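No lab work stands behind these numbers, since they all come straight from the coordinates. No experiment lies behind these values; they were computed from the predicted model shown. Note that each Cβ is placed from the backbone with ideal geometry, even for glycine, and that neighbours are counted across all protein chains shown.
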Amino acid sequence: MVVRPRLRLAPSLLSADFAALADAVRAAEAGGADALHLDVMDGHFVPNISFGPTLVAAVRARTKLPLDVHLMIEEPLRYVEAFHRAGGDTLVFHLEARSEPAEVVRAVHALGAQVGAAIRPDSPVSLVAPLADRVDQILVMSVHPGFSGQKFLPEVLPKVAAARERLDETNPKADLSIDGGITAATAVDAARAGATFFVCGNSVFSGGPVDANLRRLRAAVEEGGRGAVR
Ligand code: DX5
Ligand code: ZN
């Protein structure tokens, strides 16, 4: 039997109030978040600009939770060191970006950090499969990157299942992350397809108490996880 990582929830700070980030971090911790997800956007790889290493360092100073840094930028290789220094634990880069993927993986591991390889909703899983044996995370995006609060794209679920199969064969301890439009409803489907790491923005920070929101999501991923295909 393959032993997969435990199911984890990573609230995305992109949906929080940037003027009160410390409160959001505290609320996520109190609600039992397993990690925090930080979305870095450069205005080139995606049509939006968010923040850089300075903000990651400010969050790092406020929490011991693992920081999952999602680099939606054209040249991840140029910036992995800065984001590692800022306190990122896992640096997730896109395979559609300009840097050579194998080089990014090597560079991040040489820094002593964990590396994640991400694909956009319109990219085939064959883009990420060759790296499955040497990354710490595969991230399948379930919205077009750039903004929080979008609707989950169910057509990515077969890709989650395919990535799951590949990881089970070659690297079962790696995380399979799903990012975009995760709610209590879509989390069940993603967990059933084999996701283990759930990024959630609006469903955590855009209405209602953060701890209750996280409890609801936790119940959903556990339910889906019980039905996961093995
Ligand atoms: C989108 C980001 C996501 C986003 C998630 O480009 O990568 O992490 O913030 O937010 P929700 O859960 O609201 O889709
Ligand atoms: Zn993200």
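Binning the alpha carbon pair distances of the chain at 5 angstrom intervals from zero yields the distribution 1, 7, 16, 21, 22, 18, 11, 4, 0, 0, expressed in whole percent.
Residues considered: 20, 195, 97. Largest GNM mean-square fluctuation over the chain, using C-alpha springs under 10 Å, is found at 20. Taking packing as the residue-averaged number of other Cβ atoms within 10 angstrom, the listed peptides 63-69, 166-172, 223-229, 112-118 run from highest to lowest as 112-118, 63-69, 166-172, 223-229. Here the chain is assigned +1 on the Cβ of each Lys and Arg and -1 on the Cβ of each Asp and Glu. Its dipole about the Cα centre then comes out at about 560 debye. Between the residues 119, 109, 143, the greatest Cα displacement towards the positive end of the dipole of segment 94-197, with unit charges on the Cβ of Lys, Arg, Asp and Glu, is found for 143. In this label model, residue 55 and residue 22 are separated by 1.8 nm, measuring between points 7 Å along each Cα→Cβ vector. Simple spin-label estimate for residue 89 and residue 62 gives 1.7 nm between the two label positions (7 Å along the Cα-to-Cβ direction from each Cα). Past the 21 angstrom mark, what percentage of all C-alpha to C-alpha distances in segment 41-174 do you count? It works out to 40 percent of all Cα pairs. Within the same chain, lysines fewer than 8 places from residue 173 are excluded, and of the rest, those with a Cα less than 19 Å from its Cα are 159. Note on segment 20-83: Kirkwood radius taken over Cα pairs, Stokes-Einstein applied at 20 °C and 1.002 mPa s, translational D equal to 171 µm² s⁻¹.
For a modelled paramagnetic label at residue 44, 7 Å from Cα along Cα-to-Cβ, the residues of segment 78-99 in reach, with backbone nitrogen under 12 Å, are 78-79, 97-99.
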